[in-house]
1. Of the numbered conditions (1) buried (at least 19 other Cβ atoms within 10 Å of the Cβ); (2) in contact with a strand residue (DSSP E or B) (Cβ under 8 Å, 6 or more places away or on another chain), A167 fails exactly one; give the number of that condition.
2. Can you tell me how many residues in the stretch 341-398 are polar (S, T, N, Q), in a loop (DSSP other than H, G, I, E, B) and surrounded by 13 or more Cβ atoms within 10 Å (Cβ to Cβ)?
3. What number of residues within the stretch 155-192 are in a loop (DSSP other than H, G, I, E, B) and either small (G, A, S) or within 16 Å of ligand 2 (Cβ to nearest atom) (or both)?
4. Output the number of the condition that A182 fails; it satisfies all remaining conditions of (1) over 19 Å from P284 (Cβ atoms); (2) assigned by TED's automatic domain parsing to the domain that holds L29; (3) surrounded by fewer than 19 Cβ atoms within 10 Å (Cβ to Cβ).
5. What number of residues in the stretch 106-131 are assigned to a strand (DSSP E or B), more than 12 Å from ligand 1 (Cβ to nearest atom) and more than 17 Å from N82 (Cβ to Cβ)?
6. How about the stretch 209-222: which of its residues are within 16 Å of ligand 2 (Cβ to nearest atom) and touching a Gly at 6+ places or on another chain (Cβ under 8 Å)?
7. Return yes when V102 is within 16 Å of ligand 1 (Cβ to nearest atom), outside any helix (DSSP H, G or I) and in contact with a Phe, Trp or Tyr (Cβ under 8 Å, 6 or more places away or on another chain) and no when it is not.
8. Within the stretch 74-89, how many residues turn out to be more than 23 Å from the chain's Cα centre (by Cα) and either outside any loop (DSSP other than H, G, I, E, B) or not polar (S, T, N, Q) (or both)?
Amino acid sequence: MPSTSIKNVPGNGLLGEPLAPWTYACTELHDLEYEKLFLSRWQFVGHCSEIPNPGDYLTQDIGRDNIIVMRDKVDDLRAFLNVCRHRASRLLEGSGNCGNNVQCPYHGWTYGLDGTLKGVPQQKNFPSFDRACYGLHKVELEVFHGLLFVRVKGNGESVVQQFAHTAHYFEKYDVSNYVRIANPREEIWDINWKVIWDNYLENYHIPLGHPGLNRLVRENDEYDELTSGVSYGVFVMNEKRSKVSEERQYQDALHYADHRVPDDLKGRWIQFGFSPNLGIDLYPEMLDLFQIVPLEVDRTLVRTSLYGHQNPTAEEVELRRLNRMINDPINEEDRKLCLRVQKGLRSYAYQPGPLSSQESCVFNFHELIRAQIPVTKLKNKPAFGSITAENAKLVDRY
Ligand code: FES
Ligand SMILES: [Fe+2]
């Protein structure tokens, strides 16, 4: 079924319960989540402007897997798991140009830009060896307005289908023509990834949790949530000028980027959530991507990547600087809020309270998890070691 607004789905007006606390602290479930929610759903890995020439590549961690995206001689882009088919060595690091081949640094197996295994040193020592069976593991790749997304397992809707009618925003901001404007910033948060994503999805915490943001912007009533896990909302600048210098300067200077966007987007910020782990903030002066990469059940990599038009004016450069002065502390405020929740979830007696209508995205995210991993519907944690089997039973039942 194509992605559609959740507001149009019968029965979804009422909010039910959030996930049970045990689901935030279970290693066995964490493994299932990685397979069902990360490997099986689209993961952001970069922008095609980062690999403009034949032989260019980039690599990106999406959890315990690392992805290579390469451009070949006829400009086709392909994505592979970054693992040698011989004895599992990581093939490439960072980004760069690999010429015509990728050579494994361990024993020298050599792969073409299309992933085929082209050369094996001392091949005579591998009896009855068929090189055709040992190409790199290819993964699905989609370029969505220049943004590169990969899906390692499974199938289903494309990225553009998942964004459905909201995809036009990316065209309006001309995201296809963006370039990276800073190195990604990566932090490790000692917090379960779902706590961080729950927090990203709701704005109920803004007045108390982010006083600066609250002074700067207000939400208007344009928002939507789609069955695919895409959601978006619109913030407009407060007319009242902030008493904090950088916030006031930003409010005053935002019009310098006005020529970048159509009239209906001037002075606005558009915030997308792409469950389970990518936040996309479209500002008139740039784009930031807030990506959550699960490492362990209580350890998560948080990556912020910035893209924007090449050749900004001096005023736009200043606007981008002010944006980071405002938004970097907001990330830190979120980390501290999430850490409090991480601690509280371990409490002996805690049971989830009700979700407000402002937290509908959290509920719908939890519904998405329950649909993919039905064992998360259980209020009490199944016996140690039985979660995968319990989940398989429930998959059969639903
Ligand atoms: S692990 Fe790559 S060639 Fe041996
Ligand atoms: Fe927040």
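The values are calculated or read from the model by the stated rules, or taken from the named source; none is laboratory data. The structure presented is a predicted model; accordingly, all values stated were derived computationally and were not measured. Heads up, the Cβs are rebuilt from the backbone with ideal geometry, glycines too, and the neighbour counts pull from every protein chain shown.
1. Failed condition: (1).
2. The first filter runs over the stretch 341-398 and keeps only residues polar (S, T, N, Q), leaving 342, 347, 351, 356-358, 360, 364, 372, 376, 380, 386, 388, 391.
Retained after the next criterion (residues that are in a loop (DSSP other than H, G, I, E, B)): 347, 351, 356, 380, 386.
Those still in the list that are surrounded by 13 or more Cβ atoms within 10 Å (Cβ to Cβ) too: 386.
Going through the stretch 341-398 one residue at a time, the tally reaches 1.
3. Our first condition is that a residue be in a loop (DSSP other than H, G, I, E, B); within the stretch 155-192, this holds for 155-158, 173-174, 178, 181-184, 190-192.
Then drop every residue that is not either small (G, A, S) or within 16 Å of ligand 2 (Cβ to nearest atom) (or both), which leaves 156, 158, 182, 191.
Summing the residues that are in a loop (DSSP other than H, G, I, E, B) and either small (G, A, S) or within 16 Å of ligand 2 (Cβ to nearest atom) (or both) in the stretch 155-192 gives 4.
4. Only one criterion in (1) over 19 Å from P284 (Cβ atoms); (2) assigned by TED's automatic domain parsing to the domain that holds L29; (3) surrounded by fewer than 19 Cβ atoms within 10 Å (Cβ to Cβ) is unmet by A182, namely (1).
5. Start the filter on the stretch 106-131 by keeping residues that are assigned to a strand (DSSP E or B), which leaves 110-112, 117-119.
Those still in the list that are more than 12 Å from ligand 1 (Cβ to nearest atom) too: 112, 118.
Within this subset, residues satisfying the condition of being more than 17 Å from N82 (Cβ to Cβ) are 118.
Residues in the stretch 106-131 being assigned to a strand (DSSP E or B), more than 12 Å from ligand 1 (Cβ to nearest atom) and more than 17 Å from N82 (Cβ to Cβ): 1 in total.
6. To start, the set of residues in the stretch 209-222 that are within 16 Å of ligand 2 (Cβ to nearest atom) comprises 209-219.
Across the stretch 209-222, the qualifying residue is only E219.
7. On the way: within 16 Å of ligand 1 (Cβ to nearest atom): yes; outside any helix (DSSP H, G or I): yes; in contact with a Phe, Trp or Tyr (Cβ under 8 Å, 6 or more places away or on another chain): yes.
It is true that V102 is within 16 Å of ligand 1 (Cβ to nearest atom), outside any helix (DSSP H, G or I) and in contact with a Phe, Trp or Tyr (Cβ under 8 Å, 6 or more places away or on another chain).
8. Going through the stretch 74-89 one residue at a time, the tally reaches 8.
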